[in-house]
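K.L.:
Questions regarding the structure given below will be posed in turn.
The values are calculated or read from the model by the stated rules, or taken from the named source; none is laboratory data. Values in this document were obtained by computation on a predicted structure and should not be read as measured data. Note that each Cβ is placed from the backbone with ideal geometry, even for glycine, and that neighbours are counted across all protein chains shown. The accessibility values were calculated without ligands, DNA or RNA, using every heavy atom of the protein model including side chains. Shrake-Rupley method; radii C 1.70, N 1.55, O 1.52, S 1.80 Å.
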Number of protein chains: 4
Amino acid sequence: MFKRCTIKAPFFEIGPKNYLYGDDVLDLALAADAASEKYKVDIIFTTPYTEIRRVKENTRFLHVFAPHMDPLKPGRGLADVLAEAVKAAGAEGVMLNHCEKPISLGTLKASILRADEAGLVSIVCADSIAEAGAVAKLNPNIIVPEPTELVGTGQTSDEEYVRASTEAVKSVNPEILVLQGAGIKCYSDVYRNIFAGADATGCSSGIAALPTREARNAMVDEMIRAVREAYDARLAQKGR
Amino acid sequence: MFKRCTIKAPFFEIGPKNYLYGDDVLDLALAADAASEKYKVDIIFTTPYTEIRRVKENTRFLHVFAPHMDPLKPGRGLADVLAEAVKAAGAEGVMLNHCEKPISLGTLKASILRADEAGLVSIVCADSIAEAGAVAKLNPNIIVPEPTELVGTGQTSDEEYVRASTEAVKSVNPEILVLQGAGIKCYSDVYRNIFAGADATGCSSGIAALPTREARNAMVDEMIRAVREAYDARLAQKGR
Amino acid sequence: MFKRCTIKAPFFEIGPKNYLYGDDVLDLALAADAASEKYKVDIIFTTPYTEIRRVKENTRFLHVFAPHMDPLKPGRGLADVLAEAVKAAGAEGVMLNHCEKPISLGTLKASILRADEAGLVSIVCADSIAEAGAVAKLNPNIIVPEPTELVGTGQTSDEEYVRASTEAVKSVNPEILVLQGAGIKCYSDVYRNIFAGADATGCSSGIAALPTREARNAMVDEMIRAVREAYDARLAQKGR
Amino acid sequence: MFKRCTIKAPFFEIGPKNYLYGDDVLDLALAADAASEKYKVDIIFTTPYTEIRRVKENTRFLHVFAPHMDPLKPGRGLADVLAEAVKAAGAEGVMLNHCEKPISLGTLKASILRADEAGLVSIVCADSIAEAGAVAKLNPNIIVPEPTELVGTGQTSDEEYVRASTEAVKSVNPEILVLQGAGIKCYSDVYRNIFAGADATGCSSGIAALPTREARNAMVDEMIRAVREAYDARLAQKGR
């Protein structure tokens, strides 16, 4: 766990993946930056490697993240992604073990240690409640427990999954932040997750696969607003 | 094979791999750019993804290449590297199947086709004479046949390897350029390869692992000068 | 290329993959063995590693093949599959680079050499006409060019694909045998391929995914009969 | 966790890896079988896939394990290793995530569930104390925590590593057995581990890389005797 992580609940993760490239990534980043300022919500912007520097140089509030990195140290490894290289380009953190880029347990542990060493925040994906608990033992900054094991079963409510997977992480280490994020498509998906107690939520295709810049920018604003409104409502309820 | 490739023999490939990162990559690129202009030698500069755009924006003569890409089309694939993304960042080509990033035959074929489609020059590594011939059947722009099968045998001269591997490629398709590059460390290594008939040669650790910027820049100048002088001597010899 | 390969055209490859396991694999092997004797057709039987020895010990005519192996030499590599180990268990050959087990070009070349060294026949899959030519440069005993690049295009006849992919292989090395095999489901699929000039064809799910032993055994007999009848018809036509 | 696992402390794991093949594997298995009977020590014998059935059919006391399996269900996957296939061949369990066959966290979780489902005991390797705790969250039958993070530091005693890694596992689930096994070379290595409180230990190259059958068989007898004597001494000490 990188100790100087400044990201605080409630926050939101946006990842254009490869739905967008080139100028479209920057456009989305600018919209996210504006929403972050407007709603006072921390946003992790996970961008293709090629856009890390440009996004960082052109935004003020975003926490720019790399989508992956390898655990190597400076040296060989032509196409490997080096911690120090993403850091030097402006990244503040790195996503690891996304279901589209799975890595072995040993590599995951080594990569989290490299992130700590290089001063990068680590956000690690897990595919179930059990995996979320396992990842927590490796001590990253943030865990994303995707609820694939419950999806479609109809047996357990969203609220129950949020509760159980959060508990699986926090019982191991309460300092780890939990991002609840599968299948987010609109304001109410975001609102429900944050109101239910998640530290954070996020969205990729629900934003990036929209066909126009206007639609993407509007969706970013809508979702970040949902974070703010749900969080404030949660605090208000608690306060009562 | 991307038809509008403008790289011409003699050329040289420089790859800092992960020996360098951040500003040191740009410094090396600037030195390479100057040498390219000074000696009128085309230089492929294979840079970590994070530096593609910066190197391209700050140089005039370099052919900037990505160290790898994946064959996916725009869409999912969080940490995959998209052809259109490296192109949009300023890359003119892509290296594929380097021994530090081996890919399956099917992926290699698909990646070469994606490069063609996206307008990227493809440079493909092979590990032996037989593999060089196999790769030639897939029709990339440039092939790098690393002579591992002969290294240390003492049975075959460097000139023989250059000849045999060049022949393995050109007999399949004479338009494919051949870069002879293993173990280049100094002026005379470069000179020998180019004088022996190679279209190109290149160097990674022999430049990038040098401890200071001054040493790296001097080595770049020395090697590019060797390309020019060896090539001119070859032409002169032919002309006689 | 292993020089003492005794497999001759026309032949047929049967692979139960993981559709079957345990005694069902042996049952299918026995049916194949009977059909091989009855129709005088060589059959490659590609079996899960665990059944290599049992199939070999209980059959007389089958050419038993492993579905994959790794290029390592005896030593470490806990779960790697060693050439000498599959040979000692009774395998006569090994399949490499199947689309369900793709390997890098360097590994493919090394594995073919290991097969030669250990006295194993190599059968290598390729995903297109271009790949078939590339694989031919690596000199295996048998190539399986799957016509994925033409499937569904409607532009090219089966006969044209058989001709072009066979030519892509034989023009590199006429001693390499060619197995034409995608999508074989019945007598007439087999007949058409062999009659069109293929050295061999084969079938996995078209046999192994049938629900009963009786259905599988009947299909094996039908397909091997088709090999024999098509080949004889081809010879007769030629003879005229 | 497969609930009907009959392996009990103290036990020992022997894995010939690829140091041995063919008849040599069977010879080693017979020696292990005799030692298991003689000293009343459970032995896991992890054998290449090709020898599972033969070892099982020719021994009486060994717990035969596969060195790896894939999480697929019956169907496609030509060269994948199916749980039901290793079970049908006689395997009682499966090793997962060995450092020579690392798998992703998601695949590891799925494979443990498949082992449970197919009735196979799961033994999972971890590369450090933190990983041992992480793996414990996935609930396998046995965990092997290799002490790579402490090796050579000189800061921590063997006894401390045994204690800390055992605690990392047992604090998550006390039913999980712990095998302490790196670098076992002789009687005293085995004795020390078992006496220090390990449920089990094991050996690969320390046995399998010995040059003759006689040396291997003698070493097996010596190590299994050490298990028995150390365990009895531990019990005696406790009883006092």
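K.L.:
Is it the case that some residue within region C:70-91 is under 14 Å from the mean Cα position of the chain (by Cα) and within 10 Å of chain D (Cβ to nearest Cβ)? Write out each step before concluding.
P.N.:
Within region C:70-91, the first condition is being under 14 Å from the mean Cα position of the chain (by Cα), and the residues that meet it are C:91.
From what is left, the residues that are within 10 Å of chain D (Cβ to nearest Cβ) are C:91.
Yes, there is a match, as at least one residue in region C:70-91 is under 14 Å from the mean Cα position of the chain (by Cα) and within 10 Å of chain D (Cβ to nearest Cβ).
K.L.:
Is one or more of the residues making up region A:192-203 assigned to a helix (DSSP H, G or I), within 20 Å of A:I44 (Cβ to Cβ) and free of Cβ contacts under 8 Å to residues at least 24 places away in the same chain?
P.N.:
no
K.L.:
Here is a list of conditions, (1) without any contact (Cβ under 8 Å) to a residue 12 or more places away in the chain; (2) more than 10 Å from every other protein chain (Cβ to nearest Cβ), and B:L30 meets all of them except one; can you say which number that is?
P.N.:
Against the list (1) without any contact (Cβ under 8 Å) to a residue 12 or more places away in the chain; (2) more than 10 Å from every other protein chain (Cβ to nearest Cβ), B:L30 comes up short only on (1).
K.L.:
Among the residues of region C:12-23, are any modelled with pLDDT of 95 or more, out of contact with any His (no Cβ under 7 Å at 6 or more places or on another chain) and part of a helix (DSSP H, G or I)?
P.N.:
Yes, the conditions are met somewhere in region C:12-23.
K.L.:
Would you check which residues across region A:199-212 are surrounded by fewer than 19 Cβ atoms within 10 Å (Cβ to Cβ) and more than 14 Å from chain B (Cβ to nearest Cβ) and list them?
P.N.:
Answer for region A:199-212, where residues must be surrounded by fewer than 19 Cβ atoms within 10 Å (Cβ to Cβ) and more than 14 Å from chain B (Cβ to nearest Cβ): just A:T212.
K.L.:
Residues being surrounded by fewer than 24 Cβ atoms within 10 Å (Cβ to Cβ) and within 24 Å of C:T59 (Cβ to Cβ): count how many of those fall in region C:129-143.
P.N.:
Counting residues in region C:129-143 that are surrounded by fewer than 24 Cβ atoms within 10 Å (Cβ to Cβ) and within 24 Å of C:T59 (Cβ to Cβ) gives 1.
K.L.:
Of all residues in region C:61-99, how many are crowded, with 24+ Cβ neighbours inside 10 Å and out of contact with any helix residue (DSSP H, G or I) (no Cβ under 9 Å at 6 or more places or on another chain)?
P.N.:
1
K.L.:
Among the residues of region B:170-193, write down those that are open to solvent by 40 Å² or more (accessible area, probe 1.4 Å) and within 24 Å of B:A134 (Cβ to Cβ).
P.N.:
B:K170, B:S171, B:V172, B:P174, B:E175, B:A182, B:G183
K.L.:
Quick one: would you say D:A126 is crowded, with 24+ Cβ neighbours inside 10 Å, under 18 Å from A:V135 (Cβ atoms) and more than 9 Å from chain C (Cβ to nearest Cβ)? Quick ask: steps written out before the conclusion?
P.N.:
Details: crowded, with 24+ Cβ neighbours inside 10 Å: yes; under 18 Å from A:V135 (Cβ atoms): yes; more than 9 Å from chain C (Cβ to nearest Cβ): yes.
Yes, satisfied.
K.L.:
Go over the candidates B:A230, B:A226, B:A196, B:A215 one by one and state the one that is small (G, A, S), over 27 Å from B:V169 (Cβ atoms) and open to solvent by less than 50 Å² (accessible area, probe 1.4 Å).
P.N.:
Details: B:A230 fails: over 27 Å from B:V169 (Cβ atoms); B:A226 fails: over 27 Å from B:V169 (Cβ atoms); B:A196 fails: over 27 Å from B:V169 (Cβ atoms).
Checking each option against the conditions leaves just B:A215.
K.L.:
Assigned to a helix (DSSP H, G or I) and within 25 Å of B:P145 (Cα to Cα), is that true of B:A32? Lay out the reasoning, then the answer.
P.N.:
Working: assigned to a helix (DSSP H, G or I): yes; within 25 Å of B:P145 (Cα to Cα): yes.
Here the answer is yes, as B:A32 does meet what is asked.
K.L.:
Right, next: Scan region B:100-114 and give yes if some residue there is at the interface with chain A (Cβ under 7 Å from one of its Cβ atoms) and surrounded by 19 or more Cβ atoms within 10 Å (Cβ to Cβ), otherwise no.
P.N.:
So in region B:100-114, the residues at the interface with chain A (Cβ under 7 Å from one of its Cβ atoms) come out as B:100-101.
Then drop every residue that is not surrounded by 19 or more Cβ atoms within 10 Å (Cβ to Cβ), which leaves none.
The answer is no; no qualifying residue exists.
K.L.:
Run down A:K3, A:K8 and say which single residue is touching a strand residue (DSSP E or B) at 6+ places or on another chain (Cβ under 9 Å), within 21 Å of A:A136 (Cβ to Cβ), more than 10 Å from chain B (Cβ to nearest Cβ) and surrounded by fewer than 19 Cβ atoms within 10 Å (Cβ to Cβ). Explain how you work it out, then say what you get.
P.N.:
On the way: A:K3 fails: touching a strand residue (DSSP E or B) at 6+ places or on another chain (Cβ under 9 Å).
Just a single option satisfies the conditions, and that option is A:K8.
K.L.:
On to the next question. Are any residues in region A:158-200 at pLDDT 95 or above and among the basic types (K, R), and if so, which ones?
P.N.:
Once the filter is applied, which keeps residues that are at pLDDT 95 or above and among the basic types (K, R), region A:158-200 yields only A:K170.
K.L.:
For D:E146, indicate whether it is within 14 Å of chain C (Cβ to nearest Cβ), closer than 23 Å to D:N173 by Cα and open to solvent by 10 Å² or more (accessible area, probe 1.4 Å).
P.N.:
Values: within 14 Å of chain C (Cβ to nearest Cβ): yes; closer than 23 Å to D:N173 by Cα: yes; open to solvent by 10 Å² or more (accessible area, probe 1.4 Å): yes.
Yes; evaluated as a whole, the condition is true for this residue.
K.L.:
Please indicate, with yes or no, whether at least one residue in region D:123-141 is β-branched (V, I, T) and modelled with pLDDT under 95.
P.N.:
Yes, that holds for at least one residue.
K.L.:
Tell me which residues, restricted to region A:40-54, are surrounded by fewer than 24 Cβ atoms within 10 Å (Cβ to Cβ) and within 11 Å of chain B (Cβ to nearest Cβ). Give the derivation first.
P.N.:
So the first thing to find is which residues in region A:40-54 are surrounded by fewer than 24 Cβ atoms within 10 Å (Cβ to Cβ), and the list is A:40, A:42, A:53-54.
A:R53, A:R54 - these are the residues of region A:40-54 that are surrounded by fewer than 24 Cβ atoms within 10 Å (Cβ to Cβ) and within 11 Å of chain B (Cβ to nearest Cβ).
K.L.:
Quick one: would you say B:A209 is of a type in the set (G, A, S) and at pLDDT 90 or above? Don't jump to the end; show me each part of the working.
P.N.:
Numbers: of a type in the set (G, A, S): yes; at pLDDT 90 or above: yes.
The answer is yes for B:A209.
Let's see how each residue does on (1) among the β-branched types (V, I, T); (2) more than 17 Å from A:A215 (Cα to Cα):
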| position | (1), (2) |
| --- | --- |
| A:I7 | yes, yes |
| A:A34 | no, no |
| A:V55 | yes, yes |
| A:P74 | no, yes |
